[in-house]
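K.L.:
Would you mind keeping the following structure in view while I ask a few things?
Values in this text are rule-based calculations from the coordinates and carry no lab data. Everything quoted here is computed from the prediction, not taken from an experiment. Glycine gets a Cβ as well: all are built from the backbone with ideal geometry, and neighbour counts include every protein chain shown.
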Amino acid sequence: MGTNLSVKEKLFSCYQSAKSHIDFSPELGIVLGSGLGALADEIDIKETLSYSEIDGFPVSTVAGHKGRFVFGYMDGVPVVIMQGRVHYYEGYPITDTVLPVRLMKLFGIKALLLTNASGSLNREFKAGDFMLIKDHIMNFVPSPLVGANIEELGPRFPDMSEVYSKVLSECVRQAAADAEIHLREGVYVQLTGPNYETPSEVNMCRLLGGDAVGMSTAAEAVAARHAGLKVVGISCVSNLGCGISDKPLSHVEVMEAADKAAPKFKQLIRGSVAKIHSKLA
Ligand code: HPA
């Protein structure tokens with residue numbers, strides 16, 4: 001595989017490679033964040049595609065990230081699930097971190113459900129809470145749209161006034177109510193990572209208007225909106241932001257907290273997916 005492909009050439013070459021393996025038409029894309037990937041094993045799986053099988057695909061290196069697309073039916077809804085994502089902190093260009101989302105767009109999805117694990121900024125949040133992402137701040141990482149515009153996907157200057165669909169967000173609220181899950185709502189801040197924040201950085205993010213902080217998601221949401229997808233986001237607050245509690249942060253604890261929240265989280269996702277599907281027709 002040549003190394004000098006443009007972002008667009010790389011995308012379409014990955015698409016050709018993926019298409020030669022896959023014969024499934026998903027309507028909804030789902031990205032499962034740290035510690036939340038197990039849900040993909042529970043759907044009616046029709047096909048799977050490891051990222052490493054796709055020529056030129058950026059392969060994730062983080063422990064706990066499996067790295068494959070799972071195609072199948074979640075309660076009858078045709079979905080493609082990303083079990084593991086590509087992070088900016090792994091050293092990939094930001095355009096690579098959104099390549100999988102663009103690929104799912106080419107697979108035919110109409111909407112994208114993004115999930116992640118995050119640290120709290122809002123002092124009312126507790127570890128294990130779920131937060132509906134109402135908006136985001138991502139100016140600490142480059143826009144994934146910098147560079148030649150891919151006209152086939154969307155316009156040069158896309159509107160971002162409603163990144164997270166109000167209609168699809170309402171589906172998540174209803175699913176949470178059905179499952180008796182107390183759903184928080186707020187603004188997600190994407191930082192580069194891989195280090196966790198200092199207490200002062202957590203304060204800064206709160207002052208900027210953030211409620212939760214993490215190392216993913218917002219750039220994917222921007223690329224998805226650029227490509228005309230409807231987007232909805234749910235964050236699993238795996239820990240209090242640094243300095244809010246005096247406990248040092250570790251990836252192992254973040255994963256354990258996400259693991260612990262997983263059963264409820266699965267319930268929330270499944271309930272949301274059924275409702276979201278009814279809005280895509
Ligand atoms: N900060 C950044 N990213 C995270 C955190 C955090 O506290 N928890 C999970 N992902």
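K.L.:
If Leu113 meets every condition in (1) farther than 16 Å from Ala18 by Cα; (2) surrounded by fewer than 24 Cβ atoms within 10 Å (Cβ to Cβ); (3) away from the ligand (no atom under 13 Å from the Cβ) apart from one, which number is that one?
P.N.:
That leaves (2) as the condition not met.
K.L.:
Of Met131, Met104, which residue is in contact with a strand residue (DSSP E or B) (Cβ under 7 Å, 6 or more places away or on another chain) and part of a helix (DSSP H, G or I)?
P.N.:
After ruling out the rest, the residue left standing is Met104.
K.L.:
Follow-up question, since we're still on this one. Which one is surrounded by the fewest Cβ atoms within 10 Å (Cβ to Cβ), of the residues in region 181-201 that are within 11 Å of the ligand (Cβ to nearest atom) and under 13 Å from Ala218 (Cβ atoms)?
P.N.:
Among those that are within 11 Å of the ligand (Cβ to nearest atom) and under 13 Å from Ala218 (Cβ atoms), it is Thr192.
K.L.:
Pro263 passes all but one of (1) away from the ligand (no atom under 13 Å from the Cβ); (2) surrounded by fewer than 24 Cβ atoms within 10 Å (Cβ to Cβ); (3) closer than 20 Å to His136 by Cα; which number fails?
P.N.:
Unmet condition: (3).
K.L.:
Still on this structure, please answer the following. Identify, by number, the condition in (1) among the charged types (D, E, K, R); (2) touching a Gly at 6+ places or on another chain (Cβ under 8 Å); (3) more than 16 Å from the ligand (Cβ to nearest atom); (4) under 21 Å from Leu32 (Cα atoms) that Lys230 doesn't meet.
P.N.:
(2)
K.L.:
Quick one: which residue in Ser169, Ser161, Ser238 is without any contact (Cβ under 8 Å) to a residue 12 or more places away in the chain and of a type outside the set (D, E, K, R)?
P.N.:
Answer to the check: Ser161.
K.L.:
Oh, and also: Just need a number here: residues in region 177-207 that are closer than 28 Å to His87 by Cα, in contact (Cβ under 8 Å) with a residue 24 or more places away in the chain and part of a helix (DSSP H, G or I).
P.N.:
So the answer is 7.
One line per residue, one yes/no per condition, for (1) in a loop (DSSP other than H, G, I, E, B); (2) among the hydroxyl-bearing types (Ser, Thr, Tyr):
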position	(1), (2)
Cys14	no, no
Ser25	yes, yes
Ile30	no, no
Gly35	yes, no
Glu47	no, no
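K.L.:
Still on this structure, please answer the following. Looking only at region 130-161, how many residues end up being under 24 Å from Leu103 (Cβ atoms) and either of a type in the set (D, E, K, R) or under 15 Å from the mean Cα position of the chain (by Cα) (or both)?
P.N.:
8
K.L.:
Looking only at region 234-249, how many residues end up being of a type in the set (Gly, Ala, Ser), within 8 Å of the ligand (Cβ to nearest atom) and within 19 Å of Leu36 (Cβ to Cβ)?
P.N.:
Summing the residues that are of a type in the set (Gly, Ala, Ser), within 8 Å of the ligand (Cβ to nearest atom) and within 19 Å of Leu36 (Cβ to Cβ) in region 234-249 gives 1.
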